[in-house]
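In what follows, a structure is listed as C-alpha cells, so that the remarks can point back to it.
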Amino acid sequence: MYSDKVMDHFQHPRNVGEIEDASGVGTVGNAKCGDIMRIYLDIDDDTHVIKDCKFKTFGCGAAVATSSMATEMVKGKTIEEAMQVTNKAVMEALDGLPPVKVHCSLLAEEAIHAALWDYAEKHGIQIEGLEKPKSDISEHDEDEEY
Ligand code: FES
C-alpha cells in the first residue's frame, strides 16, 4: 500500500524537532482526523534562504512521511522556491500516496505556508502567492478557535 520511500521516511523521519528562536513557525491541524503538524523555519534575512527546517507531527504515518520529505525539500531553498514545494511535489517525491492519504500531504504544505506567513508578518514582507493560513492553530493566537 505504501511506497518504500514513504515507509523509509515514516520509520526514519528527517528533521524531527524544533528550532529555538525560529524565524517562522506554522501550526496547522486537520479537523477531520484531528492530526496536528508544526513546522519551524530558520531563514536568512538577507538571502531569504531556508537554512534549516524542523517539524513535529502528532499524526498518522503518512503525515510523518510527508512532513519529513517536505522539510528535506525546502531546506536550502529560497522562500520563493519553497513556495513550489506543493503537496503534489511532496507526494511525487515519495512515489505517491494512497488516495485516502492525500489530505495528510496537504497538512505539510499548509504548515510550511503557515510558517512562511509567520515569517512574512514578522518582517513586514509579502511573499508572492502566499495566502493567510486558514487553520493556523499556533499557540500564540490564543483567541483563535480550535
Ligand atoms: Fe490525518 Fe493523515 S490521517 S493527517
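Name the single residue that is farthest from the ligand (Cβ to nearest atom) among those in the range 48-62 being among the hydrophobic types (A, V, I, L, M, F, W, C) and touching a strand residue (DSSP E or B) at 6+ places or on another chain (Cβ under 6 Å).
In this case the residue turns out to be 49.
Test residue 29 against the stated conditions and say whether it is within 16 Å of the ligand (Cβ to nearest atom), within 21 Å of residue 119 (Cβ to Cβ), surrounded by fewer than 23 Cβ atoms within 10 Å (Cβ to Cβ) and among the small types (Gly, Ala, Ser).
yes
Quick test of your reading of the structure: residue 96 fulfils all but one of (1) in a strand (DSSP E or B); (2) within 16 Å of the ligand (Cβ to nearest atom); (3) at pLDDT 95 or above. Name the failing condition by number.
Result: residue 96 passes all but (1).
Only residues in the range 100-124 that are within 16 Å of residue 54 (Cβ to Cβ) count as the first member; pair them with residues that are of a type in the set (Lys, Arg) and within 15 Å of the ligand (Cβ to nearest atom), Cβ under 8 angstrom, at least 6 apart or cross-chain, and list the lot.
Once the first residue is within 16 Å of residue 54 (Cβ to Cβ) and sits in the range 100-124, its partners that are of a type in the set (Lys, Arg) and within 15 Å of the ligand (Cβ to nearest atom) give 111/38.
Would you please list the contacts, defined by Cβ atoms under 6 Å and residues six or more apart or on different chains, that run from a residue in the range 19-48 that is over 20 Å from residue 73 (Cα atoms) to a residue that is near the ligand (Cβ under 10 Å from one of its atoms) and among the β-branched types (Val, Ile, Thr)?
Short answer, once both residue conditions are applied: 29/36.
For a quick check of your reading of the model, give me the residue pairs whose first member lies in the range 62-83 and is under 15 Å from residue 16 (Cα atoms), whose second is assigned to a loop (DSSP other than H, G, I, E, B) and among the hydroxyl-bearing types (Ser, Thr, Tyr), with beta-carbon atoms closer than 9 Å and at least 6 apart or on different chains.
That search, which allows pairs on different chains as well, returns 62/2; 65/2.
All but one of (1) assigned to a loop (DSSP other than H, G, I, E, B); (2) within 15 Å of the ligand (Cβ to nearest atom); (3) under 19 Å from residue 1 (Cβ atoms) hold for residue 105, so report the exception by its number.
Every condition holds for residue 105 apart from (1).
Being more than 13 Å from the ligand (Cβ to nearest atom) and assigned to a helix (DSSP H, G or I) is the filter here; which residues of the range 77-89 pass it?
79, 80, 81, 82, 88, 89 - these are the residues of the range 77-89 that are more than 13 Å from the ligand (Cβ to nearest atom) and assigned to a helix (DSSP H, G or I).
The values are calculated or read from the model by the stated rules, or taken from the named source; none is laboratory data. What you see is a predicted model, and the numbers here were worked out from it, not measured in a lab. For neighbour counting, all protein chains shown are included, and Cβ atoms are generated from backbone atoms with ideal geometry for every residue, glycine included.
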